[in-house]
Amino acid sequence: MRVITRREALRDDEIRLSVSSGAAGHPREDCPSTSPRTAPSPKPLPARFRRLMTAAVTDFDVIVIGGGVNGTGVARDCALRGMKVALFEKHDWGFGASGNSSGMIHGGARYLTDTPDVTRQSCQDSGYIQRIAPHLVFRIPFLFPIPARGLASRVALAAVDAFFAFYDRYQPLKGGKPHNLLSDHEARALEPGLAGDLRGAITFDEWGIDGARLCLANVLDAEAHGATCRAHHEVISLLREDDRVTGVIARDRETGARITATARRVVNSTGAWAPITASLASAPSSERAKVRPGKGIHVVFDRRIGNYAIVCKAIDGRQIFSMPWQNLSWLGTTDDDYYGDLDHVRAATDEVRYLVEGVARVVPSVASARVIGTTAGVRPTLYEYGPSEDDLSREHAIVDHTEDGASGLYSMIGGKLASYRIFAEEMTDRLARDLDVRAPGRTHELPLPGGEAPVDAHALAESLKLPEPAARRLAYRHGARVTAIAARLTRDRDERAVVCLCEPVIEAEVRHAVLVEGARDVSDVARRTRLGLGSCGGMRCAHRCAQIVAQERALPPRTAHRMAAEFLIDRYRTRVVALDGAQVRQEELAIARHVAAGMSPELLLEEVRATRGEDET
């Protein structure tokens, strides 16, 4: 990749990015808030989807590359301190590890013996996240059963009890409850489905969050404070002047339009992609931005397998878990070195079996539950040669590329969801020193959008005449900002219609996801609302969702068919790795029936068979 100087970029006929184009998450006055059910003539595009046609390059203070939780956290912190910031993401907000993690802002009990500072920091930041996004967090009670196996099990139970007694010291930082030691009888009263005789069990708790919604909340707040945020914009070049990085060229992956933006500092916050992004500087930057990518998967089941999250042990001795999540259950997680395509990370059949067999030894009922999907992501772990994946540090680091001949460029390496806010604050503190910005960080005390006040879901259901499950989900995802969706329903009661029955998601929320939250297709809507991620796999809702997206974006019907088909095939690929024999044939028939409207039968068959063949080999 050739490095482009700023002068060359100025001579090119690029589309120039100006902050005057408006914040991407907030439509201008000419953006319609509702749309008709039928559109006899094309309507104007929402402002956020219009091409940026301006002749001037805007000098930003900071450009952030990467829309995961770290990058969006930096963009928000910079904007709150008054810096002019731009944020670019190749895919969608929370597309990578942030949106495919276990969703736990936990205290890091596993790091307590080796790196207690990581545990303390994680607990403290978990407490801050609960304060700024109370609507998005939920308590996860855990049960740690100890099988009865003679003297060894007595020692094991005593050791686990002592360990969590030490962990209890950090619990107040995150609003956690102290652990409890249970007898076999007490453990079975909580979880009757546990297998075998138990010596006893330990209870403790952690906190969960929707990682993709957390990323989006950071973006919306950054935009509200003047940031320019662009998803689906891939940074393809870094601008340079001598030994300094001065900006980026980004390409809209949908339209092909190119955007040039300059800045005093550029932050590489692309997670597992960090070495690739750093290499655009054409310097030894990629070596110092090195990570050890670790793949983690989850298996999703169609029901709640238990009342508690249950700690289990896999065949190789690693700790895994079963966790109830709303009306579903998640099994997780693996941790393996990964050298594949970062843009197309998928679970493999052997990884699914590894988790299911490990959990089934403790919770046998998992064998009779139906797999409805898998998730996969890649952790950007700090590079270290030698240790096993489980032993790698979960600490984080900031790399200054000045000594690589690329001053002005920073890379954020490592970290985890639970400590994203402090990592972003450390990065922003460094930027503030560089740019002589005196404003202090306040992300630990200022609420994220939706966290300003509690919402009564029951009252919401009553006032809007919504099914209570739909109202609860709206209150969870949007918090106090649910008033924007309530306003839509006041104007048009028909938008109460439930589009996705599994989650559930109403029509007004889908339209809001497009017009206010920047969703471009069905997958984007699913990331914001969980539409199509339940037991139906999108087969009951993908086409209707695609129609709504197409209406709001003034796209032709064929495009709506295509985006629905792409979503359904992607969901199929997450399921097929966990199926075999007759189940696969049933899935092929179902996907053919629901997707055929959007593509030729030949292309459909080729897609499905290719997916099945790839997974079996």
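All of the numbers you see were taken from the coordinates with simple rules; none came from a lab. Predicted model, so just to flag it, every value in this text is computed and none were measured. Note that each Cβ is placed from the backbone with ideal geometry, even for glycine, and that neighbours are counted across all protein chains shown.
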Testing the spin-label approximation: label points 7 Å from Cα along Cα→Cβ at residue 446 and residue 430. State their distance in nm. 2.2
Please give the contour-minus-distance gain from residue 197 to residue 589: 0.36 nm per residue of separation, less the Cα-Cα distance, rounded to one decimal in nm. 136.8 nm
Diffing the range 229-244: the Karplus 3J(HN,Hα) column from phi (6.51, -1.76, 1.60, θ = phi - 60°), in whole Hz with x for Gly and Pro, holds 10, 10, 7, 6, 10, 8, 6, 9, 8, 9, 7, 9, 10, 6, 9, 10
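Work out how much length residue 236 to residue 438 would gain on full extension: take 0.36 nm times their residue separation and subtract the Cα-Cα distance, in nm to one decimal.
On the way: separation 202, 0.36 × 202 = 72.72 nm, distance 3.25 nm.
Fully extending the segment from residue 236 to residue 438 adds 69.5 nm.
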Sorted by average packing, counted as other Cβ atoms within 10 angstrom per residue and highest first, what order do 178-191, 237-250 take? 237-250, 178-191
Can you count the Lys pairs in the chain with C-alpha separation below 30 Å, eight or more apart or on different chains? 15
Starting with the highest mean, order 432-441, 144-153 by the number of other Cβ atoms within 10 Å, averaged over the residues of each peptide. 144-153, 432-441
Along the range 342-352, Karplus-curve 3J(HN,Hα) (6.51, -1.76, 1.60; θ = phi - 60°) to the nearest Hz, with x for Gly and Pro, reads 5, 7, 9, 9, 9, 5, 10, 4, 5, 5, 4
So if R0 is 51 Å, what FRET efficiency would residue 456 and residue 151 give, r being the distance between their Cβ atoms, rounded to the nearest 0.05? 0.45
Could you calculate the FRET efficiency of residue 183 with residue 290 from 1/(1 + (r/R0)^6), where r is the beta carbon distance between them and R0 is 41 Å, rounded to 0.05? 0.25
Principal axis extents for the range 397-494, Cα atoms only, whole Å, descending order, please. 61, 27, 23
The long-range amide H neighbours of residue 500, using H built 1.01 Å from N in the peptide plane and a cut-off of under 5 Å, are 505
Label model pair residue 343, residue 357: point-to-point distance (7 angstrom along the Cα→beta-carbon line) in nm is 3.5
Kindly rank 211-219, 564-572, 455-463, 515-523 from highest to lowest mean number of other beta carbons found within 10 Å of each residue. 211-219, 515-523, 564-572, 455-463
How much space per residue, in cubic angstrom, does the convex hull of the C-alpha atoms of the chain take up? 158
In nm, spacing of pseudo-spin labels at residue 582 and residue 382 (7 Å Cα→C-beta vector): 5.3
Only helices counted: for the chain, with every DSSP H run of 4 or more residues adding -39500 (n - 2.57) and the sum spread over all residues, [θ] at 222 nm is -11000 deg cm²/dmol
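Taking the Cβ-Cβ separation of residue 493 and residue 559 as r and a Förster radius of 25 Å, what is the calculated FRET efficiency to the nearest 0.05? Provide the component values of the computation, followed by the final result.
Numbers: r = 28 Å, r/R0 = 1.14.
Plugging the Cβ-Cβ distance into 1/(1 + (r/R0)^6) gives 0.30.
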Over all alpha-carbon pairs of the range 491-540, lay out the pair-distance distribution in 5 Å bins, whole %, shortest bin first. 5, 24, 31, 23, 13, 3, 0
What ³J(HN,Hα) values, in whole Hz, does the Karplus curve 6.51 cos²θ - 1.76 cosθ + 1.60 give for the range 78-86 when θ = phi - 60°, with x put for Gly and Pro? 4, 5, 5, 8, x, 7, 8, 10, 10
With an 8 Å Cα cut-off and a minimum separation of 6 or more residues, compute the relative contact order for the chain in percent. 17
One would report the antiparallel percent of DSSP beta bridges in the chain, rounded to the nearest 5, as 70
